1. Which value, in Å³ per residue, describes the convex hull spanned by the Cα atoms of region 29-153?
2. Quick check: convex hull over the Cα atoms of region 81-153, volume per residue in Å³, rounded to an integer?
3. Assuming 0.36 nm per residue, please report the length gained on full extension of the stretch A107 to D122 beyond their Cα-Cα distance.
4. By count of other Cβ within 10 Å, fewest leading, how are S127, S101, S35, S117 ordered?
5. As an exercise, use a Förster radius of 25 Å and the Cβ-Cβ distance of Q50 and Q73 to find the FRET efficiency, rounded to the nearest 0.05.
Amino acid sequence: MRRRDFISLIGSAASWPLGARAQQSALPVVGLLNSGTFATNAKNVEAMRQGLKESGFIDGQNVAIEFRWAENQFDRLPALATDLVRKPAAVIVGNTPAALSAKAVTATIPIVFTTGSDPVRDGLVASLNRPGGNVTGIVFITERLGAKRLELLR
């Protein structure tokens, strides 16, 4: 075999995996980051999957859901958040400690949190009226929101 033929053969064989990868469309990644465990959040995970499905997003078909559990070891959250940012995730969903860790490593990927405390006090958002940045979420506190709801009704 001539040298040029050999180099052509190796060059074309090396490009096969690249061509195959180019034909596959990468699914957008929804990153679920949580300071707890799967066992304690199984109902929430199922509810999230169901909500995504009702919106037309099915895991493995048109979206990929990546789970990261800190297993109640809060010091693991920054590394887990960084991993999701490197994926890159299209959106990161998490509880308060997880959202704070994600906020520390990205200012561009949207972060959606759920919290039972004050997100302004926790440093997740600038204000309830105008959260600003890339962080938004759902607040399950009624003390401050009661007055806000009355204001909105007026």
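Please treat every number below as a calculation from the coordinates, not as lab data. The shown structure was predicted, so the numbers you read here are calculated from the model rather than taken from an experiment. All Cβ positions, glycine included, derive from the backbone under ideal geometry; neighbour counts span all protein chains shown.
1. Normalising the Cα hull of region 29-153 by residue number yields 118 Å³.
2. 79
3. Taking A107 through D122 to full extension adds about 3.7 nm, to one decimal.
4. Working: S127 9, S101 26, S35 23, S117 12.
Lowest to highest Cβ neighbour count: S127, S117, S35, S101.
5. On the way: r = 29 Å, r/R0 = 1.14.
E(calc), rounded to 0.05, equals 0.30.
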